[in-house]
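Worksheet for the structure shown next.
Derivation of every value follows stated rules applied to the coordinates shown; laboratory data play no part. Remember, it's a predicted structure, so these values are computed and weren't measured experimentally. So basically every Cβ, Gly included, is an ideal-geometry build from the backbone, and we count neighbours across all protein chains shown.
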């Protein structure tokens, strides 16, 4: 571990870092899966999410240093094999022989969801190598203007196991359980397909009230997308204000001609509740436009989708405007590495998301897991990301082909 303090008056994560003569010799992609037991399957809209995946990227060097990174599994249902193929056939031939200290030159968006996620894993692995070679944690490299904070507040991201046709009060029970675990923030979704069960905003509002009652005051709450119509969002707005919600995430679609105008209209009714979004935007210029035009109060980039450097730039952009960020981090442990380092390095970070449902790929892929205790995660004070992969992962979690969300809910769809 390098004990010499880095300057906090830098303009780039690698400024002031001595370049070393290291060559990349190989790249390995490991796909892992876990099939959810029936009682742990996720109920989203009309579908069932039946499994979880990991896309782990390892980069090997001539100095014996191995870097670990993660590519997002949320780049389209069934994206794991295309990402693996892209990495092995397109990225590896370009990368071998290069120096990982040139990460800022080598990182490339790929132009597609698959390409962006593929390179994101590579970029994280190169940062892991640079950190290990220089004796510094990745969060120390990213912290250009303030001391990093390694004691990260984490919010529980869930609300995907209750069905309107069967025990919707499970949402309230989950909120209570989340608080009992020590969390101080909870984000949830609107449940199964509303039209099937005759759910309306009027019928949903009492559950919002019950969630607030379950967790009490001084507890952050967030509601994620349905997506709502403008009329529904405007109906929800005063309720979210009255119940002191912290943010309203991706409330409406972004691909309408009047999407900006709709979000600005909603902003008028949400003076204290933030509108957030951006996890699905892989182009930083798109993220900037939504932020600059006032449609989003808080940005939610995902380093596992757009890459650590691009996410860092987006976060810096938000900081210049005095706005918070909160990364999308609904992936496995390998993607959490980059997002957690970004949160630790950024003074404008609100907190870190963690997917709080059954998922061994979140908790069991490292020898020493990134645990959450009483709503906080403490990052390792070790070079790089400070973790090692657990042994026999492919034997324990063999890859299962198919998309994680490609199964219809038989009760709703027949």
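Tell me what the chain gives for mean residue ellipticity at 222 nm when only DSSP H runs of n ≥ 4 count, each as -39,500 (n - 2.57), the sum divided by the residue total, rounded to 500 deg cm²/dmol.
For the chain, the value works out to -10000 deg cm²/dmol.
For the residue pair residue 15 and residue 283, what label-to-label distance in nm results when each label sits 7 Å from Cα along the Cα-to-beta-carbon direction?
Taking the simple label geometry, residue 15 and residue 283 are separated by 2.9 nm.
Angle between the Cα long axis of helix 333-345 and the longest principal axis of the chain, 0 to 90 degrees, nearest 10?
Here the helix axis deviates by roughly 90 degrees.
Is the shape of segment 281-414 best called rounded, prolate or oblate, per the rule: a/c under 1.5 gives rounded, else a/b larger than b/c gives prolate, else oblate, with a ≥ b ≥ c the square roots of the Cα gyration tensor eigenvalues?
The shape class here is oblate.
Could you grab the relative contact order for segment 16-151? Cα pairs under 8 Å, six or more apart, rounded to a whole percent.
Value for segment 16-151: 27 percent.
Do me a favour and compute the ellipsoid semi-axes for segment 225-317 from its Cα gyration tensor, root of five times each eigenvalue, largest one first, whole Å.
24, 14, 11
Can you put 192, 272, 85 in order of Cβ neighbours within 10 angstrom, beginning with the fewest?
272, 85, 192
Tell me, what is the percent relative contact order of the chain, built from C-alpha pairs under 8 Å that lie six or more residues apart?
Reported as a whole number, the value is 24 percent.
Using 7 Å Cα-to-Cβ label points, what is the residue 374/residue 151 separation (nm, one decimal)?
Spacing of the two 7 Å Cα→Cβ label points: 0.9 nm.
Within 10 Å of each residue's Cβ, count the other Cβ atoms and sort 138, 201, 314 from fewest upward.
Least to most surrounded, the residues fall as 201, 314, 138.
In terms of the Cα gyration tensor, with a ≥ b ≥ c the square roots of its eigenvalues, is segment 8-47 rounded because a/c is under 1.5, prolate because a/b exceeds b/c, or oblate?
oblate
Quickly work out the residue 363-to-residue 272 label distance, labels modelled 7 Å from Cα along the C-beta direction, and quote it in nm with one decimal.
Going from the residue 272 label point to the residue 363 one covers 3.5 nm.
If you fit an axis through the alpha-carbon atoms of helix 113-134 and take the longest principal axis of the Cα set of the chain, what angle between them do you get, 0 to 90°, nearest 10?
In the chain, helix 113-134 runs at an angle near 50 degrees to the longest axis.
Taking R0 as 45 Å, what's the FRET efficiency between residue 406 and residue 3 from their Cβ-Cβ distance, rounded to 0.05?
With R0 = 45 Å, the Cβ-Cβ based efficiency is 0.35.
Nearest 10 degrees is fine. How inclined is helix 201-215 to the longest principal axis of the chain, computing both from alpha carbons?
The two axes meet at around 60 degrees.
Let me know the Kirkwood hydrodynamic radius for segment 141-385, please, with Cα pairs as the basis and the value in Å to one decimal.
18.6
Fewest Cβ neighbours within 10 Å first, please rank 281, 230 accordingly.
Listing 281, 230 from fewest to most nearby Cβ atoms yields 230, 281.
With just the Cα atoms defining each centre, how far is segment 337-406 from segment 145-208? Give it in Å.
21
When you have a sec, figure out the Kirkwood radius of the chain from all distinct Cα pair distances and drop it here in Å to one decimal?
After inverting the mean inverse Cα-Cα distance, the result is 21.8 Å.
Counting only C-alpha contacts under 8 Å and six or more residues apart, can you give the relative contact order of segment 131-266 as a whole percent?
20
Choose one answer from 231, 269, 88: the residue with the largest mean-square fluctuation in a GNM of the chain with alpha-carbon springs under 10 Å.
With Cα springs under 10 Å in the chain, the top fluctuation among 231, 269, 88 is at 231.
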